[in-house]
Ligand code: SAH
Ligand code: AVI
């Protein structure tokens, strides 16, 4: 219910509301307690126009009750008629007011006089509430208390800003509220899309008018990080040149970065090679596990771009909090979370009636919404529908970042992994799909394999691509979008990009989110002319291309002979789906490893340094880490064998002894020598692969092969 929209009913409905008058006393006392550690000088100075002196907050919150509740009562005597002018914030209907940037010049009234003003208004308010009020007055009082709680937060944000201007870096007080740390990696929490409710549910004891009316919003499948972005993650962004790369920033944001010389969040300082920051408890080293604070919307957005991710919309945030509150950490106690939603009225919005109608509605332009709550938010003040809002450049609030991504990522999720492991280990020949190799560690180990002497495919294909990239580029259309499947570290990509000035965008697709985010950020940095739109996903499942791919013809790129990890019928399905996805007049470049002698092949999959063995065993380590399985890694060994009949290298994990393994509440038995088949790597002939591609509806335009060791690249046309 909107506090103030409720019109005055008949006097007969006058109610004594003991809870309200108690709450009034508690909220008013809390405000004074917040000001307690501050000297009269601390309470007087204004550090910038957006921030107000504590003394002004104490006066203004009092003015609110005086103006909207007491002033209309004949028996009420104003404490000082001049205060109506001094402590009006922005209410046109309440008359002219003192200029906001000059609030810090008010050495009079003294801090003590402002407290006397509070006592005067409190006496009148308490008498009124104790005697019972009509529902209109009750609603205004409840609004006044919510208003005062907002200013309680502002007292802390504003004093921190003032102390930030002080070279002595003073502390507000030792043991002041601090954000909740969240060490360890963020987990994704997935949500299925559909119609969802946004806004304050009817019947709520109180909600601001801007949260109403509740309505419906359509959200797609999406994921939210279960925790906020940490300082450690933010430092990685800084160290990767985050504040120096215009391609990551909105144009307005980049202008700010340059105009204000931003190189880190507000209050951060580099001392002796380490980052320090000002907190309410004083100047302290930045805690890597704590959430990043004091970033603007522009910074939050640039960080998300750097990660290849995005900020959640308001509707997504609210949907997530309503459906899975227990799975999301740091919702209300650490930092307000910037959303990608502009602050605008909900359909059917009407500002509250009367002067308090100026409370929220008139600010509904040019600001962005933040959701949640912060370390400075009074307990119980916020709720799932609460809409905080600030200009996109403002950073003195306790504002942070919760990342979002498109799609549920179900294929790549722990549930999908668990299901595939349990299903696969239940088969007579145990097997697991190779896509589960690629967590962060698996992606790193794959790169290590590529460095080994024995694993020739990467080196050989790279050399071939270097030679033929100009020819591929010559056949690609103007304004082409490069779409890469299983892009990994996006290294070979660079050969195509450098040979093809006509590329406008790059869409890397990979199941390994950490590898993808890092590779996409590097490509974006090194090729500023290219729009980079990474997609975390499983290319064996239906995929959508991001909107950017709508801008041109598509050139698909599937190097590495990753197509060899499919069985032939799966490769056919993939090629057909890719043809549909890439669309009209598309081209597709596919790398295919070619059949050769068994010795070279087996060595490539069993390098002497043990990189491939570690890659294979990481699958079990990952199951232990993510699924709580109890694989004994020493009780399994790596095996790679050439199966000439099937024309494939097979990788297995061989049980060294009879044993049982627990996973997902199940027990799996292994005989000595029994294997889990973890990967096939089919080897082709150019003719054989061409036939497969033709069957899937592609025209083979050209094939190239390198000799010693043989590797092929085929250019297909739609
Ligand atoms: N293209 C790179 C990397 C090849 S490694 C190169 O040629 O060197 C295979 C890559 O495909 C890995 O990055 C892995 O994460 C990704 N991958 C494997 N299975 C996948 C799947 N089903 N969907 C999306 N990506 C997948
Ligand atoms: C990604 N894929 C093509 C590699 C391959 O050769 O089959 C994965 C790999 N497995 C062991 N070594 C490398």
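Please work out if residue 50 is modelled with pLDDT of 95 or more and not in a helix (DSSP H, G or I). When the stated conditions are applied, residue 50 passes them. Annotation for region 292-305: no member residue is closer than 15 Å to residue 179 by Cα and outside the structural domain of residue 220 (by TED's automatic domain parsing).
Which of the residues spanning region 698-714 are loosely packed, with under 14 Cβ neighbours inside 10 Å and not in a strand (DSSP E or B)? Listed by number, the residues that qualify are 707, 708. The condition of being at pLDDT 90 or above and either away from ligand 2 (no atom under 16 Å from the Cβ) or in a loop (DSSP other than H, G, I, E, B) (or both) holds for residue 518.
Against the test of being within 28 Å of residue 468 (Cβ to Cβ) and either in the same structural domain as residue 654 (by TED's automatic domain parsing) or more than 16 Å from ligand 2 (Cβ to nearest atom) (or both), the options 577, 541, 614, 571 yield a single qualifying residue, 577.
Consider residue 549 carefully, then state whether it is touching a residue at least 24 places away in the same chain (Cβ under 8 Å), in the same structural domain as residue 459 (by TED's automatic domain parsing) and either within 19 Å of the chain's Cα centre (by Cα) or part of a strand (DSSP E or B) (or both). The answer is no for residue 549. Being over 24 Å from residue 618 (Cα atoms), at pLDDT 95 or above and within 16 Å of ligand 1 (Cβ to nearest atom) is true of residue 497.
Of the strands (runs of 3 or more DSSP E) lying entirely inside region 174-288, the ones with 1 or more residues being over 21 Å from residue 403 (Cβ atoms) are found at 194-198, 215-219, 269-271, 274-279, 282-285. Looking across region 445-477, the residues that are touching a strand residue (DSSP E or B) at 6+ places or on another chain (Cβ under 9 Å) and part of a loop (DSSP other than H, G, I, E, B) come down to 476, 477.
Does region 622-640 contain any residue that is surrounded by fewer than 20 Cβ atoms within 10 Å (Cβ to Cβ) and within 16 Å of ligand 1 (Cβ to nearest atom)? Yes, there is a match, as at least one residue in region 622-640 is surrounded by fewer than 20 Cβ atoms within 10 Å (Cβ to Cβ) and within 16 Å of ligand 1 (Cβ to nearest atom). Within region 599-619, the residues that satisfy the criterion of being within 12 Å of residue 650 (Cα to Cα) and either more than 16 Å from ligand 1 (Cβ to nearest atom) or surrounded by fewer than 20 Cβ atoms within 10 Å (Cβ to Cβ) (or both) are 601, 602, 606.
If only residues of region 648-662 that are touching a helix residue (DSSP H, G or I) at 6+ places or on another chain (Cβ under 8 Å) and not in a strand (DSSP E or B) are counted, the one that is nearest to ligand 2 (Cβ to nearest atom) is 656.
The values are calculated or read from the model by the stated rules, or taken from the named source; none is laboratory data. Everything numeric here is computed off the predicted structure, so don't read it as measured data. Glycine also receives a Cβ, built like all others from the backbone with ideal geometry; neighbour counts cover every protein chain displayed.
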